[in-house]
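Have a look at the structure below before the remarks.
Just so it is clear, none of the values below were taken in a lab; they were calculated from the coordinates. Just so we're clear, the structure is a prediction, and the values are computed from it rather than from any experiment. Here the Cβ is made from the backbone with ideal geometry for all residues, glycine too, and neighbour counts use every protein chain on show.
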Amino acid sequence: MNRAAATVAAGLACAMLTQGMPATASTASTASTSASTTGYAIGDVQEAADSVAKVDGVVGVIAEAYYDGKRIGRGSTGSRLIDGEGGKIPSNARYRAWSQTKQMTATVLLQLVKEGRLAVDDTLGKVLPITVEQDLVERAGEITVRQLLHHRSGIPDYNGAGAKNLRPFDDLTTRHTWTDLAKSSRGIPRTSNPGEKYAYSNTNYILLGAIIEKLTSRTLAEEFERRLFMPLNMTKTYLPTKPDQGIKGPHGHGYYPQPDGTLRDVDRINPTTLGAAGGVISTARDLTTFHRALAQGKLLPANLRDLVKYPDHEETVCGGTVGLFTGSGPGGNAISFTSADGRLQFAIDVTTSTRVQPELRPAMYETAEDVLCPDH
């Protein structure tokens, strides 16, 4: 299935859809909603989850579709634990948002811009002087906040190639600060000059999180709670701050292959190695709530909302009518899809037992098209 499928009718996001049935292997969610009552129909969410589960190394899949904040379909397949153990994962279970955390960090940072606390073209050295004073970031006096937001700073990834490996599942006792993570990337060759080209780096967002904490005199977890989670009623979402803090409630477990071929359960990881770049734990409902509010201008004015996107690396499905935000880490992969008007959404989380799955992302994209634009 081609991701560049023909654009669906302009009314795609205006389809009024009925509630899906509880998802199990034998009771799939409603395959579609009658065109006579809705004008449009979504694909079967349970079938979509089942199709992703066919990719080698997938342990479990959960997915939910929403229209105007109401769930219209859900699916669950595979199991909570490997080898079919632990039963099914509830479709409303918590999971790691991974890099979808970055959109939350960017939103809070841009709210501070709106409040006049800083400007997007301020330099890192100006808003976070310690980066210059302690030589934490090379060329901090040239790098701008805008460049951090859009991964054009040239700062190496603190957990990328050549960095001191801070794998989040290796140490569940050490609390890593943002300065620890910045230092981990120091000395690695820069990817480019500031502003020169796009190069994805988690360090950019760790630094943006540090800016938020400095300007507000609160922790990032506190700012997420007061600016996003509470106002949007994201009651199942939180940013863990303790080294051994795991996922609350029933959820899927991911696994990571060790050098000897054995699989390590990486359900418990050290969230202080992720922070503003990928630490949030959430649910399909809460993540779609956030992305809907962002798309509909409830969190930022249009001129600032557009800065949350990466202009050099923006992805879409359904012929460009549906945007997406992705996140992945050891044993997990999560994507949220949202129509341009924020009304129609699909969130999917996959737990895995392999390091690299080149087929997984394309399968998740195709599944989104099957659900959100089945007639394309």
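Using only helices, what value at 222 nm comes out for the chain when you add -39,500 (n - 2.57) per DSSP H run of length 4 or more and divide by the total residues, to the nearest 500 deg cm²/dmol?
After summing the helix terms and dividing by the residues of the chain, the value is -7000 deg cm²/dmol.
Here the Gaussian network model covers the chain, with springs between Cα atoms less than 10 Å apart; of 281, 82, 130, 130 fluctuates the most. For segment 62-118, the set of GluC sites (Glu not before Pro) satisfying both a DSSP loop assignment and a count of at most 10 other C-beta atoms within 10 Å is given as 85, 115. Sequence-distant contacts, meaning Cα pairs under 8 Å at least 6 residues apart, place the relative contact order of the chain at 25 percent.
Note on segment 269-376: with charges restricted to the Cβ of Lys and Arg (+1) and Asp and Glu (-1), its dipole about the Cα centre is near 440 debye. Given the choices [x] 37; [y] 46; [z] 28, percent of Cα pairs over 33 Å apart derived from the coordinates of this structure is entry [z]. Amide H contacts under 5 Å for residue 196: none, restricted to partners 5 or more places along the chain or on a different chain, H placed in the peptide plane at 1.01 Å from N.
Dipole of segment 153-286 (Lys/Arg Cβ +1, Asp/Glu Cβ -1, origin at the Cα centre): which of 174, 266, 250 lies farthest to the positive side? So the residue furthest toward the plus end is 174. The mean sequence distance of close C-alpha pairs (under 8 Å, at least 6 residues apart), as a share of the length of segment 102-224, puts its relative contact order at 31 percent. Each Lys and Arg Cβ is given +1 and each Asp and Glu Cβ -1; about its Cα centre, the chain then shows a dipole of about 860 debye. What is segment 132-271 by shape, rounded, prolate or oblate, if you read a ≥ b ≥ c off the alpha carbon gyration tensor as root eigenvalues and call it rounded for a/c under 1.5, prolate for a/b larger than b/c, and oblate otherwise? Oblate is the answer for segment 132-271, as a/c is 1.5 or above yet b/c matches or exceeds a/b. Computed from point charges on the beta carbon alone (+1 for Lys and Arg, -1 for Asp and Glu), the dipole magnitude for segment 219-268 about its Cα centre is near 180 Debye. In this structure, the amide hydrogen of residue 238, modeled 1.01 Å from its nitrogen in the peptide plane, lies closer than 5 angstrom to those of 281, counting only residues at least 5 positions away or on a different chain.
Among 352, 262, 289, the residue with the largest mean-square fluctuation in a Gaussian network model of the chain, with springs joining Cα atoms closer than 10 Å, is 262. Note that segment 280-291 has calculated 3J(HN,Hα) couplings of 5, 10, 8, 9, 4, 4, 5, 5, 5, 4, 4, 5 Hz, one per residue in order, obtained from phi through the Karplus relation 6.51 cos²θ - 1.76 cosθ + 1.60 (θ = phi - 60°); glycine and proline are x. Checking every one of the GluC sites (Glu not before Pro) in segment 168-273 against DSSP loop status and a limit of 13 other Cβ atoms within 10 Å picks out 196. As a length-normalised measure over Cα pairs under 8 Å and 6 or more apart, the relative contact order of segment 35-135 settles at 16 percent. Shape descriptor for segment 209-335: Rg over Rh equals 0.99 (Cα atoms; Rh from the Kirkwood inverse mean 1/r).
Would you mind classifying segment 225-278 by shape? Square roots of the alpha carbon gyration tensor eigenvalues, ordered a ≥ b ≥ c; an a/c under 1.5 is rounded, otherwise it is prolate if a/b is larger than b/c and oblate if not. Each step should come with its number before you reach the end.
Working: a/c = 3.27, a/b = 2.19, b/c = 1.49.
Cα axes put segment 225-278 in the prolate bin.
Annotation note: trypsin sites (Lys or Arg not before Pro) in segment 99-152 located in DSSP loop regions with a Cβ neighbour count of at most 16 within 10 Å are 117.
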